[in-house]
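**Student:** Sharing a structure, written as structure tokens. Questions coming.
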Amino acid sequence: MHIYNHSLQVVNNAVELANRFHVRKEIKNNVYIAALLHDVGGIYPNDQRVLFAKRYGIELVAKEYYFPLIIHQKISRYL
């Protein structure tokens, strides 16, 4: 639920910014989708993120092995 609620907040903020800066409708649709899915990698628990990254060839730096919370960004990009 946390990721869901957070993503909806990001969508609302992103759409508000797109409206404020008069972004074209076809681009605004992409803004909406990107904002909605930006943290989708967070659905994988921390203890599974390194394995996911290795399985799908996502390059990690040393700190990500010790702090896998931040890997969700790369997983989100991959998904």
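**Student:** Does residue 49 qualify as being surrounded by 16 or more Cβ atoms within 10 Å (Cβ to Cβ) and within 23 Å of residue 2 (Cα to Cα)?
**Tutor:** Spelling it out, residue 49 is indeed surrounded by 16 or more Cβ atoms within 10 Å (Cβ to Cβ) and within 23 Å of residue 2 (Cα to Cα).
**Student:** Every residue in segment 21-33 that is part of a helix (DSSP H, G or I) and more than 17 Å from residue 73 (Cβ to Cβ), please. Before you say what the answer is, go through the steps one by one.
**Tutor:** Quick first cut of segment 21-33, residues part of a helix (DSSP H, G or I) only: 25-33.
Within segment 21-33, 25, 26, 27, 28, 29, 30, 31, 32 meet the criteria.
**Student:** List every residue pair whose Cβ atoms lie under 7 Å apart, where the two residues are 6 or more positions apart in sequence or sit on different chains, the first residue falls within segment 45-60 and is in the same structural domain as residue 71 (by TED's automatic domain parsing) and under 13 Å from residue 76 (Cα atoms), and the second residue, located anywhere, is assigned to a loop (DSSP other than H, G, I, E, B) and among the hydroxyl-bearing types (Ser, Thr, Tyr).
**Tutor:** 52/44
**Student:** While we're here: Does residue 18 qualify as being assigned to a helix (DSSP H, G or I), within 21 Å of residue 5 (Cβ to Cβ) and over 18 Å from the mean Cα position of the chain (by Cα)? Give the steps one after another, and end with the answer.
**Tutor:** Working: assigned to a helix (DSSP H, G or I): yes; within 21 Å of residue 5 (Cβ to Cβ): yes; over 18 Å from the mean Cα position of the chain (by Cα): yes.
Spelling it out, residue 18 is indeed assigned to a helix (DSSP H, G or I), within 21 Å of residue 5 (Cβ to Cβ) and over 18 Å from the mean Cα position of the chain (by Cα).
The values are calculated or read from the model by the stated rules, or taken from the named source; none is laboratory data. Because the structure is a prediction, the values reported are computed rather than measured. Note that each Cβ is placed from the backbone with ideal geometry, even for glycine, and that neighbours are counted across all protein chains shown.
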